1. Can you pull out every residue in segment 133-148 that is of a type outside the set (A, V, I, L, M), assigned to a helix (DSSP H, G or I) and either at positive phi or touching a residue at least 12 places away in the same chain (Cβ under 8 Å) (or both)?
2. For segment 42-71, what are the residues that are surrounded by fewer than 12 Cβ atoms within 10 Å (Cβ to Cβ), assigned to a strand (DSSP E or B), at negative phi and not hydrophobic (A, V, I, L, M, F, W, C)?
3. On the given criteria, is Gly65 at pLDDT 95 or above and of a type outside the set (D, E, K, R)?
4. Yes or no: Tyr108 hydroxyl-bearing (Ser, Thr, Tyr), within 30 Å of Thr71 (Cα to Cα) and under 13 Å from the mean Cα position of the chain (by Cα)?
5. Condition (residue is modelled with pLDDT of 95 or more and either assigned by TED's automatic domain parsing to the domain that holds Val255 or in contact with a His (Cβ under 6 Å, 6 or more places away or on another chain) (or both)) applied to segment 162-179: is it met by at least one residue?
6. When you look at Val83, is it over 21 Å from Ala202 (Cα atoms), assigned to a loop (DSSP other than H, G, I, E, B) and either outside the structural domain of Val248 (by TED's automatic domain parsing) or β-branched (Val, Ile, Thr) (or both), yes or no?
Amino acid sequence: MWLRIGCDLLFEIEVPTPFILMLRPRSGSQQWVARDEFKIKPNVPVVEFTDDYGNLCQRLVAPPGNFSIKTNADVKTSEFVDVEPGAPFVEIQNLPHDVLSYLLPSRYCESDRFSDLAMTITANYLPGYNQVAAIETWLLDTISYIPGSSDYPISAIEVNYKQSGVCRDLAHLGIALCRNLSIPARMVVGYLYKLEPMDMHAWFEAYVGGRWYTFDATQNRRKGGYVAIGFGHDAADVAVFNQFGPSVYPTKQVVSVELIEEKN
């Protein structure tokens with residue numbers, strides 16, 4: 001399926017403010033970017049770089065006054081989410097080097113604190129994909145997904161205590177539970193077709209059976225239409241924007257995902 005994704009941000013800047021943005025998708029094994037557009041107003045110099053996770057990032061200094069960022073892209077992605085019940089657990093010594101760090105606790109995913117819960121949730125399930133699917137089901141049944149209920153990231157421990165959170169928070173808890181079982185897991189941020197309410201979205205991926213698989217504890221049924229723009233250990237690595245200086249929040253944030261006709 002072809003999707004046109006877009007994000008429209010407006011800030012009111014008081015003093016020159018450095019930003020690092022993560023708003024451009026890149027082509028990969030699960031998606032193909034045919035066209036993308038990135039506009040800022042007023043026009044200032046932008047330097048793009050690739051971070052340690054392969055994400056496309058943009059550096060700039062926003063001047064005082066209204067500062068607008070508009071992006072859109074045409075991306076081909078799957079109508080379905082790949083599933084592979086029975087995909088095996090990959091022994092640590094056989095994991096690729098670039099996957100190993102996703103076994104470790106991180107700022108928002110205190111995986112070393114969830115041994116009892118992880119074992120309880122996954123008891124009697126085959127090691128690997130089936131364990132992660134059990135974690136996803138437990139999150140759906142246990143943790144309330146409440147869009148807009150949190151303006152800042154909270155850790156897996158806090159999410160489990162509150163028993164509720166936004167998509168980012170549920171992903172943190174899912175990641176922590178997977179890592180406790182020595183299953184690599186990472187945070188993904190991007191877009192989801194027909195997400196309600198529409199906004200930027202977060203989910204997690206687990207590495208089993210020799211590849212990454214998508215899991216999303218906010219959706220009651222598996223569906224495609226995911227477009228990733230950032231991967232990392234947790235929310236600290238995949239912020240759509242980071243600003244340095246006086247705190248500023250968007251006075252406008254509009255996210256769109258539309259189905260478009262097949263490209264020739």
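1. Answer for segment 133-148, where residues must be of a type outside the set (A, V, I, L, M), assigned to a helix (DSSP H, G or I) and either at positive phi or touching a residue at least 12 places away in the same chain (Cβ under 8 Å) (or both): Glu136, Trp138, Thr142.
2. Hit for segment 42-71 is Thr50, nothing else.
3. On the way: at pLDDT 95 or above: yes; of a type outside the set (D, E, K, R): yes.
In short, yes.
4. Details: hydroxyl-bearing (Ser, Thr, Tyr): yes; within 30 Å of Thr71 (Cα to Cα): yes; under 13 Å from the mean Cα position of the chain (by Cα): no.
Considered against the rule, which asks whether it is hydroxyl-bearing (Ser, Thr, Tyr), within 30 Å of Thr71 (Cα to Cα) and under 13 Å from the mean Cα position of the chain (by Cα), Tyr108 comes out as no.
5. yes
6. In short, no.
Quick grid of which residues meet (1) in contact with a His (Cβ under 7 Å, 6 or more places away or on another chain); (2) free of Cβ contacts under 8 Å to residues at least 24 places away in the same chain; (3) surrounded by 22 or more Cβ atoms within 10 Å (Cβ to Cβ); (4) assigned by TED's automatic domain parsing to the domain that holds Leu177:
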| residue | (1), (2), (3), (4) |
| --- | --- |
| Arg221 | no, yes, no, yes |
| Ile229 | no, no, yes, yes |
| Phe244 | no, no, no, no |
| Val248 | no, no, no, no |
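The values are calculated or read from the model by the stated rules, or taken from the named source; none is laboratory data. As the structure is a prediction and not an experimental result, all values here were calculated from the model. Cβ coordinates were reconstructed from backbone atoms using ideal geometry, including for glycine residues, and neighbour counts include every protein chain displayed.
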